[in-house]
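Visitor: For reference, the structure I am asking about is given below.
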Amino acid sequence: MDMQAVLDRIHDEAQPLLGQGRVASYIPELAKVPLQRFGMAVSMLDGRLYTVGDAREDFSIQSVSKLFSLTLAFQLVGDALWERVGREPSGTAFNSLVQLETEQGKPRNPFLNAGALVVTDVLSTRFVQPEMALVEFLRRLSGNAGLQYDDAVARSELATGSRNRAMGHFMHSFGNLKNPVDAVIEAYCRHCAIRMNCVDLARAVGFLANGGVSPVGGEQVLDASSAKRLSALMLTCGTYDAAGDFAYRVGIPAKSGVGGGIVAHIPRTLGVCVWSPRLEHTGNSLAGSFALERFTSLIGQSLF
Ligand code: GLN
């Protein structure tokens with residue numbers, strides 16, 4: 001199979017979609033990104049890299065960060081995490097509050113905003129600077145020592161993040177946030193504001209395809225069983241309320257963000273990232289979802 005030809009074809013097929021969908025404007029700074037963008041990168045576990053379009057242009061990773069903050073927290077506390085966060089799809093939007101009350105402040109899964117706040121709370125207990133702990137982790141996983149978070153995006157979300165703050169205080173009232181809510185929210189917004197590109201993320205997700213070992217630096221990030229479990233969570237909960245449809249159409253574990261990025265992997269084979277800023281109604285990149293669907297169809301590989 002000619003992987004480059006596959007990416008070139010997907011790039012062509014995606015062009016008519018680039019004008020469709022909307023960017024996330026509830027974080028004002030995110031609405032400023034250039035719209036007509038499409039990039040995709042595939043990083044094979046043996047190190048071969050394939051790219052197309054704007055694969056080296058940085059974007060705001062937003063909820064893609066939740067995958068990596070979860071990994072760090074899971075390294076620290078393991079299964080004890082599940083006493084504070086569930087592992088079920090929510091059937092609600094990523095920023096919904098409704099289940100938190102009936103479920104006593106325990107978020108359904110770590111990829112909802114509420115779940116990621118609990119994860120960030122775990123990191124805040126362990127690290128003096130939880131935001132830099134995640135940045136440094138991603139530098140190692142991607143091999144890009146220059147990664148940083150974008151302070152303007154973080155401040156823009158902090159200025160408008162009443163809903164996340166509400167969730168934080170609500171969970172605090174149940175004892176499910178241990179650190180001061182404002183500090184947790186600040187670290188969370190900085191995690192979301194990390195800037196990376198498709199190449200960085202395709203490499204960074206490789207450890208999940210590779211039995212927990214980073215193909216970039218050789219670091220044993222998780223044991224193989226934990227890598228399998230986090231990948232299962234990506235499949236069932238990684239693309240918000242579209243996870244069922246995504247599994248149906250694409251068939252591989254994925255995590256998306258409202259910056260328009262989606263990372264995914266094919267176990268034992270490759271890491272992949274696609275980026276296009278305009279989103280469909282559940283908050284996943286519209287062209288990005290299409291691209292991954294075409295990708296698994298054209299290469300004839302998925303989980304199934
Ligand atoms: N920072 C965003 C928020 O908290 C992330 C959401 C997302 O990417 N789904 O709302």
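Each value in this text was obtained by applying a stated rule to the coordinates, not by laboratory testing. The structure displayed is predicted, hence computed values, not measured ones. Using ideal geometry, Cβ is built from the backbone for each residue, glycine included, and neighbour counts are taken over all protein chains shown.
Visitor: Average projected area of the Cα convex hull of region 233-293, in nm²?
Guide: Computed as one quarter of the Cα hull surface, the answer is 3.5 nm².
Visitor: Compute the distribution of all C-alpha to C-alpha distances in region 51-105, in bins of 10 Å from 0, and list the percent of pairs in each, rounded to whole numbers.
Guide: 16, 37, 30, 14, 3
Visitor: So, one more: When the distances between all Cα atoms of region 1-146 are binned every 5 Å from zero, what whole-number percent does each bin get?
Guide: 2, 8, 14, 15, 15, 16, 15, 10, 5, 1, 0
Visitor: Over 5 Å intervals from 0, what percent of Cα-Cα pairs in region 70-197 sits in each interval?
Guide: Values per bin, smallest distances first: 2, 11, 22, 23, 22, 13, 6, 1, 0.
Visitor: If eta is 1.306 mPa s and T is 10 °C, what Stokes-Einstein diffusion coefficient results for region 159-304, Kirkwood Rh from Cα pairs, in µm²/s?
Guide: After rounding, the answer is 97 µm²/s.
Visitor: Please arrange R37, R229 by counting, for each residue, the other beta carbons lying within 10 Å of its beta carbon, fewest first.
Guide: R229, R37
Visitor: Here's something else I'd like to know. Sequence gap at least 6, Cα distance under 8 Å: using those rules, report the relative contact order of region 172-238 to the nearest whole percent.
Guide: 17 percent
Visitor: Give the Rg (one decimal place) followed by the Dmax (whole number) of the chain, computed from C-alpha coordinates and expressed in Å.
Guide: Reported Rg and Dmax, both Å: 17.6, 55.
Visitor: Still on this model: What is the projected area of the convex hull of the Cα atoms of region 1-74, averaged over all directions, in nm²?
Guide: The Cα convex hull of region 1-74, projected and averaged over all directions, gives 7.0 nm².
Visitor: Ratio of Rg to Rh for region 133-217, alpha carbon only, Kirkwood?
Guide: My calculation puts Rg/Rh at 1.08.
Visitor: Would you calculate the convex hull of the Cα atoms in region 128-175 and tell me its volume per residue in Å³?
Guide: 108 Å³
Visitor: Hey, another quick one. Would you kindly enumerate the cysteines in the chain that have no other Cys beta-carbon under 4.7 Å from their beta-carbon?
Guide: C189, C192, C237
Visitor: Also, I was wondering about something else. Where the eigenvalues come from the Cα gyration tensor of region 163-211, what are the semi-axes √(5λ) of the equivalent ellipsoid, largest first, in whole Å?
Guide: Equivalent ellipsoid semi-axes, largest first: 31, 14, 8 Å.
Visitor: Averaging sequence separations of C-alpha pairs under 8 Å and six or more residues apart, then dividing by the length of region 155-301, give the relative contact order as a whole percent.
Guide: 17 percent
Visitor: How do W275, W82 line up, fewest other C-beta atoms within 10 Å first?
Guide: W82, W275
Visitor: Distance in nm between label sites at H169 and L97, each 7 Å beyond Cα in the beta-carbon direction?
Guide: 0.9 nm
Visitor: Percent relative contact order of the chain, based on C-alpha pairs within less than 8 angstrom and at least six residues apart?
Guide: In percent, rounded to a whole number, it is 27.
Visitor: Given the rule -39500 (n - 2.57) for each run of at least 4 DSSP H residues, summed and divided by the residues of the chain, what is its mean residue ellipticity at 222 nm, to the nearest 500 deg cm²/dmol?
Guide: Computed ellipticity for the chain at 222 nm equals -13500 deg cm²/dmol.
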